[in-house]
Amino acid sequence: MTVLAAALTACGEKSADEYFQLGQQAYDKKNYSEAVIELKNAVRLAPEDANYRYLLGQVYLQQRNYSFAEKEFEKAMDFGYSAEELIPILSRIYRRQNSNDSLFKLNAKAKGLKPKDLAKLKAYQAEAYLAKGNTAKAQATIDELK
C-alpha cells in the first residue's frame with residue numbers, strides 16, 4: 001500500500017472492496033449512474049482487479065455505452081477474467097460497433113469456448129467478412145463449424 005493510499009484510508013476513504021460492494025448494490029438496484037461512480041472508485045484503487053473491471057463493463061453495457069464496456073471487458077480479460085465468459089460478450093460488442101479487426105483477433109483467445117459460443121463468434125466473423133465483401137473468407141469461417 002502506498003503512503004498516499006494509507007493516508008487516504010486513514011482519513012476515511014473507503015477501500016476498493018467497499019466501493020465495489022456499493023457498486024454491486026447500485027447495479028442490483030439498476031442505479032447505473034451510481035454504480036459507475038462507485039466502481040470507478042474501486043478501479044482507481046485497484047486498477048488490475050478483473051472482477052471490478054468486469055462489473056464496470058456490465059454497467060456500461062446496460063447503459064449501452066459500448067465503447068466503454070469494450071474497454072473494461074478487454075482489461076478484465078487482460079487481468080485474468082475468464083476469456084470463456086468474455087469472448088461472447090466482446091464478440092457482440094465488436095460486431096455492433098463494426099470493430100471487425102478486433103472481432104477477428106478473438107480467435108487467438110477462443111480456445112475452450114463452448115460450442116454454442118464458438119458458433120456465435122464464427123457467425124459474427126462471417127457477417128463481418130461479408131460486410132467487407134469477402135465471401136470466400138465468410139464461407140471458410142462457416143465451414144470451420146462443420
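Normalising by the residue count of the stretch 1-133, find the relative contact order in percent from Cα pairs under 8 Å and 6+ residues apart.
It comes to 15 percent, rounded to a whole number.
Going through the cross-link list Lys30/Lys116; Lys75/Lys111; Lys30/Lys111, which pairs have a Cα-Cα distance over 23 Å in this structure?
Lys30/Lys116; Lys30/Lys111
As a test of the formula, what do you get for the chain when each DSSP H run with n ≥ 4 contributes -39,500 (n - 2.57) and the sum is divided by the residue count, at 222 nm and rounded to the nearest 500 deg cm²/dmol?
-22500 deg cm²/dmol
Helix 32-45 versus the longest principal axis of the chain: what angle, 0 to 90°, nearest 10, using Cα atoms?
Its long axis makes an angle of about 80 degrees.
Hey, could you grab the Kirkwood Rh for the stretch 75-118? Inverse mean 1/r over distinct alpha carbon pairs, Å, one decimal.
Across the stretch 75-118, the inverse of the average 1/r is 10.6 Å.
Could I have the simple spin-label model distance between Phe79 and Asp101, label points 7 Å from Cα toward Cβ, reported in nm to one decimal?
For the pair Phe79/Asp101, the computed spacing is 2.6 nm.
Under a GNM of the chain (C-alpha, springs under 10 Å), which listed residue has the highest mean-square fluctuation: Glu38, Glu18, Glu70?
Glu18
Mind jotting down the three principal axis lengths of the stretch 1-140 based on Cα atoms? Whole angstrom, largest first.
The Cα atoms of the stretch 1-140 stretch 62, 28, 24 Å along the principal axes, largest first.
Read the figures in this text as sums done on the coordinates, not as results from a lab. Quick caveat, the model's predicted, so the values are computed rather than measured. Note: ideal-geometry Cβ built from the backbone for every residue, glycine included; neighbour counts use all protein chains shown.
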